[in-house]
Structure formats: structure tokens, C-alpha cells
1. Which pairs turn up if I take residues in the range 50-68 that are closer than 12 Å to residue 165 by Cβ and open to solvent by less than 20 Å² (accessible area, probe 1.4 Å) and look for partners that are assigned to a helix (DSSP H, G or I) and not small (Gly, Ala, Ser) with beta carbon separation below 7 Å, at least 6 apart in sequence or on another chain?
2. Which count do you get for residues in the range 150-175 that are among the β-branched types (Val, Ile, Thr) and either closer than 17 Å to residue 108 by Cα or modelled with pLDDT under 95 (or both)?
3. Out of 135, 142, report the one residue that is of a type in the set (Lys, Arg) and in contact with a helix residue (DSSP H, G or I) (Cβ under 7 Å, 6 or more places away or on another chain).
4. For the range 174-213, what are the residues that are in contact with a strand residue (DSSP E or B) (Cβ under 8 Å, 6 or more places away or on another chain) and closer than 20 Å to residue 145 by Cβ?
5. Restricting attention to the range 190-213, report how many residues are exposed (fewer than 15 other Cβ atoms within 10 Å of the Cβ), under 28 Å from residue 135 (Cβ atoms) and not aliphatic (A, V, I, L, M).
6. Assess whether residue 147 counts as being touching a Gly at 6+ places or on another chain (Cβ under 8 Å), closer than 24 Å to residue 181 by Cβ and either modelled with pLDDT of 95 or more or charged (D, E, K, R) (or both).
7. Counting only residues that are without any contact (Cβ under 8 Å) to a residue 40 or more places away in the chain, open to solvent by 60 Å² or more (accessible area, probe 1.4 Å) and farther than 28 Å from residue 59 by Cα, give me the helices (runs of 4 or more DSSP H) lying completely in the range 79-189 with at least 1 of them.
8. Scan the range 61-96 for residues that are basic (Lys, Arg) and within 20 Å of residue 201 (Cβ to Cβ) and jot them down.
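The values are calculated or read from the model by the stated rules, or taken from the named source; none is laboratory data. Predicted model, so just to flag it, every value in this text is computed and none were measured. Virtual Cβ from ideal backbone geometry, glycine too; neighbours counted across all protein chains shown. All accessible areas refer to the heavy atoms of the entire protein, side chains included, with ligands and DNA or RNA removed. Shrake-Rupley method; radii C 1.70, N 1.55, O 1.52, S 1.80 Å.
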Amino acid sequence: MFRNLKTLGPASALTLVLASGAANCGEPTSMNPTAMTPAALIKFASSRQVSVTHEDLEISVGYEHFTRNFEAILGRFDPTVSAALASDPVAAEARIRQMEGEQGLMIFAVQNHGALFALAGAQRKARRYHVGNPRIAFQMTRHDIRAGLYAPLSVLVYEARPGAVRVEFDQPSTLFGQFGDADVLAVARALDSKLQKVIEHAALLAAQQQAGQ
């Protein structure tokens, strides 16, 4: 059912450090607001290339069947829980657990990229899903806050042709592995498996529904 095409591609990371500056006495230095420029505020920290494995899966099921099942087996993130984290973190975590779907994952947002083709008088079926779990993200960001750059994950689903969809995403372990932290990498490798299982289950459910029609 799957054709897995893996390609390696470079990505660059740019860290911008906003420097408020400090005098030797420990007091912040003052700056004339009229003299402020981007060059004075922003210091270039680093730039490097990283290798990321891009997963490209072709699935022999219809777009509507796949997306409907993909969305059905995943949970939904409720952003109102964020306000409760500071006042009652235990209760907030319990609420997050209730949001979890298959493999503990949930959808944070959906972007309908296909709908934009109407601007050109065309039609296309494509959705980008933001998938993850705040609790899983924290298992990584507690060790390296930079892991927040890729949490939640991004998954693009689009119709390749009638009766077939493509699912594309960057492999989590290669995204988070660039930070060189063993604890972060262990969680990311588990995400590799979780995401793959969700996609496979959605594909199987879609195929069964199509066969029953």
C-alpha cells in the first residue's frame, strides 16, 4: 500500500539573539531609541546545515476517506488549557491527557492549502496538519528548549490522483536529532513510530471503508 521515498536535504538553522547589553557593573546599558537599528539589536549567533530525512508516502486510498479517518483517530488540542497551566498544572495535564487520540497524538491546527487554489480558478485537495502532544513536547523541551521549533510536527496530505493520496513529513528523529541531546532523540525516535502507526491505521480504515462501498 505504501511507497516510501526518502530523500535527504539540507536545512539551515539561524538563531537570532536579541542583545540588551550589560555594563561591567551588571546594570543594563541604555540606548538612544532614535539610534536603534537592527544591526545594533541583533547579533548573528550561528548558521549550520543539518540532514533531515523527508518521508513521502503514497497511499492507494481516496483523499476524503484518508483525511476523514486520520482526523477521527487523532485527538484535538484545546488551547484554553494553556491558561490553566500556571494556576493548576495538575488539572491542566489531566485535561491534556483527555485530548489525546491514537498513539497519544492530537491535531493542533489544520490548514486547507487546497482551498487557496480557488484564487486561481482551480481546484486542489491538500491539507497541512499540525500534530503532536504538549506532554510529549515537554519531554524534549525540558532538556533542550530548541526542540520547540519542531513541536508540533507538520504533516501534509494531498491528493496525488483520484484514488491515491500522498502523505509527506520530515522524520521527527532527524529534526530533533540535530540538537545532539540523547534524551530528546529518544523521545523523537518514539515519535517516528507513533506517527507512522497513525498513518498506517488511517490508511487501513480508509481502505476498508472503500472496499465496503
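1. 57/199; 59/66; 61/210; 62/210
2. So in the range 150-175, the residues among the β-branched types (Val, Ile, Thr) come out as 155, 157, 165, 167, 174.
Now restrict to residues that are either closer than 17 Å to residue 108 by Cα or modelled with pLDDT under 95 (or both): 155, 157.
The qualifying residues number 2.
3. 135
4. Passing the criteria: 174, 175, 178, 191.
5. Going through the range 190-213 one residue at a time, the tally reaches 3.
6. No, not satisfied.
7. 82-87, 89-99, 134-141
8. 68, 76 - these are the residues of the range 61-96 that are basic (Lys, Arg) and within 20 Å of residue 201 (Cβ to Cβ).
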